[in-house]
Amino acid sequence: MRKQTGAQAFRITGARQGLTEDVRGRQRRYVISMSLRTVAVVLTAVLWNIERHVAIATLALGIVLPYVAVVIANAGRENVRSLPSTFIPVPTRPMLGPGSTAGPAEPVPEAAGPEADGPRREPS
């Protein structure tokens, strides 16, 4: 086998959950929510003449749960941000760094005489 240069590599751990598993999870959440609604409506009918306050609470739960169940079931697919990036970049070759900054690159001629202090001035 030849080694491909410049090919992109992907990590399998960054793959999203399969669509079939995602749909199954949504259906399960919806069925559980609607089962709770059914229980709440039945409790409302049973408790209406016995315990009116509890019956009103279960009635409110039975009214609100369908909306909540649909919103939860239609929630988007998960965003996994804690997993590493799925793309592994190809390593780059290191560049040469800058040279030493300890001293000048070219030798400086040594100054001799009065010119060492600075430029010469003409008397006026």
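The values are calculated or read from the model by the stated rules, or taken from the named source; none is laboratory data. The structure displayed is predicted, hence computed values, not measured ones. Glycine gets a Cβ as well: all are built from the backbone with ideal geometry, and neighbour counts include every protein chain shown. For the accessible areas, the whole protein counts, side chains as well, though only heavy atoms, and no ligand, DNA or RNA atoms are used. Shrake-Rupley method; radii C 1.70, N 1.55, O 1.52, S 1.80 Å.
None of 120, 37, 52 is farther than 30 Å from residue 17 by Cα, out of contact with any Lys or Arg (no Cβ under 8 Å at 6 or more places or on another chain), at pLDDT 65 or above and not acidic (Asp, Glu) except 52.
If I ask for residues that are over 26 Å from the mean Cα position of the chain (by Cα), touching a residue at least 24 places away in the same chain (Cβ under 8 Å) and open to solvent by 90 Å² or more (accessible area, probe 1.4 Å), which ones from the stretch 28-60 would you list? Of everything in the stretch 28-60, just one residue is over 26 Å from the mean Cα position of the chain (by Cα), touching a residue at least 24 places away in the same chain (Cβ under 8 Å) and open to solvent by 90 Å² or more (accessible area, probe 1.4 Å), namely 36. Among residues that are modelled with pLDDT under 85 and surrounded by fewer than 13 Cβ atoms within 10 Å (Cβ to Cβ), residue 20 is not included.
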